[in-house]
Amino acid sequence: MKSLAFTAAIALLLAARGGCADFIRQIQTVNGATVIYDIPIANDSGTVNSQPITSATATFQLYTTVAGANNTTKLLKLDEKATGTYLPTITLQATSEDPHVPARTRADRPYGMRLKVEGMQTDPAVPDYAKSVRMNRSYALYDAVSYQPNGTAGEYADAFNFYQNGEYQSSITQRLPVASPTKAVGEESFTVYTRTSSGAVQSQLAKATIKIWPVATAEISGIEPDQLFTSAPKNATVMVKDIYPGAKIYAQIYKGTELLGTVGKILPSTAVAYSDSVEVPQNQALVIGDLESFVSTDGDYTIEMLTITPFNNGAPERLAHVTFRLKRAMAVRAMMGTME
């Protein structure tokens with residue numbers, strides 16, 4: 001018999017959640033029967049010893065209690081780890097152009113999944129089912145307004161089997177099942193499991209999740225395309241939706257018709273920078289204000305709404321634009337007199 005100290009995983013998970021867990025559930029199969037122990041947790045750090053492990057593998061699940069509807073409570077599983085005689089060591093990490101932790105990306109951008117398998121058994125005496133692991137891909141959708149899980153979740157048909165030690169990395173395009181892919185809101189996860197002798201999925205060895213946020217959009221109001229003004233516009237506004245967490249947004253104006261990549265003058269009333277600690281997308285209504293000081297001569301002018309995010313190599317991306325024409329009214333003064 002042996003006893004497992006499950007210290008590191010508990011401390012890490014609690015730090016990530018910012019709260020306390022209630023207990024660890026230990027699950028193992030002894031003589032064909034499933035045996036479950038619940039091990040209470042008194043503190044948010046320290047050492048917790050398991051019950052004796054008398055089987056080839058054991059699964060440990062970390063649970064906490066959260067508030068539910070109508071003054072009820074429910075159990076929430078924070079994570080799951082497995083240990084055993086034949087289990088390999090699995091490292092699984094989601095990667096993104098955005099270095100933020102936990103991982104997140106934008107719906108139109110690929111992300112990466114990095115897998116490292118160590119300690120896979122090659123001994124002929126080891127059962128065949130212990131010589132491979134299986135990785136599944138799943139998803140959960142979020143509400144498009146609150147950006148919180150809406151209860152819709154599932155598993156894709158994708159499944160990958162690994163039979164050798166090594167490092168594996170893939171570039172992945174999100175496939176959240178929504179009507180508009182660029183407005184997808186949710187998360188995707190990859191989970192690595194052990195296999196039973198029948199080939200069925202058994203214990204979770206590792207899991208990596210990445211949040212997927214929608215592409216921002218903007219709408220400029222108060223100025224119509226090619227509209228003719230006889231004085232500088234004063235009442236234009238912009239509505240920006242689904243601003244990526246930590247992004248910067250601003251409007252600029254330049255003389256001439258629209259040309260992507262043009263650097264113009266920033267309109268100060270529209271410049272907003274969001275803290276990287278903002279975890280979900282934002283919506284923002286902006287007032288462009290009086291443009292008199294930005295349009296010194298008559299002609300065509302273009303206003304663009306831009307955003308800067310970790311994507312596009314940090315270069316500004318255009319969300320909306322409008323071009324208008326300015327031709328100021330000319331005042332004519334005449335003098336009238338008589339001749340005798």
For the subset of the stretch 140-160 comprising residues that are open to solvent by less than 80 Å² (accessible area, probe 1.4 Å) and of a type in the set (D, E, K, R), which member is nearest to the chain's Cα centre (by Cα)?
143
Looking across the stretch 141-153 at residues that are in contact with a Leu (Cβ under 9 Å, 6 or more places away or on another chain) and small (Gly, Ala, Ser), the single one that is nearest to residue 283 (Cα to Cα) is 151
Among 254, 244, 250, which is the only one that is under 19 Å from residue 100 (Cα atoms) and not acidic (Asp, Glu)?
244
Counting only residues that are of a type outside the set (Asp, Glu) and open to solvent by 20 Å² or more (accessible area, probe 1.4 Å), how many does the stretch 219-253 have?
17
Please tell me if residue 190 is open to solvent by 70 Å² or more (accessible area, probe 1.4 Å) and of a type in the set (A, V, I, L, M, F, W, C).
no
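Residue-wise test of (1) more than 24 Å from residue 243 (Cβ to Cβ); (2) in a strand (DSSP E or B); (3) modelled with pLDDT under 95.
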| site | (1), (2), (3) |
| --- | --- |
| 113 | yes, yes, no |
| 126 | yes, no, yes |
| 129 | yes, no, yes |
| 141 | no, yes, no |
| 151 | yes, yes, yes |
| 154 | yes, yes, no |
Identify, please: which residue in the stretch 112-139 is among the hydrophobic types (A, V, I, L, M, F, W, C) and open to solvent by less than 20 Å² (accessible area, probe 1.4 Å) and is, among those, farthest from the chain's Cα centre (by Cα)?
126
Under the condition of being among the β-branched types (Val, Ile, Thr) and modelled with pLDDT of 95 or more, which residue from the stretch 259-278 is least open to solvent (accessible area, probe 1.4 Å)?
270
Flag if residue 304 is of a type in the set (D, E, K, R) and open to solvent by less than 10 Å² (accessible area, probe 1.4 Å)
yes
Going by the conditions given, is residue 163 open to solvent by 40 Å² or more (accessible area, probe 1.4 Å) and in contact with a helix residue (DSSP H, G or I) (Cβ under 8 Å, 6 or more places away or on another chain)?
yes
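The values are calculated or read from the model by the stated rules, or taken from the named source; none is laboratory data. Just so it is clear, the structure is predicted and the values come from calculations on it, not from any experiment. A quick note on method: Cβ atoms are made from the backbone with ideal geometry, for glycine too, and the neighbour counts reach across all protein chains shown. Accessible surface areas use protein heavy atoms only, side chains included; no ligands, DNA or RNA. Shrake-Rupley method; radii C 1.70, N 1.55, O 1.52, S 1.80 Å.
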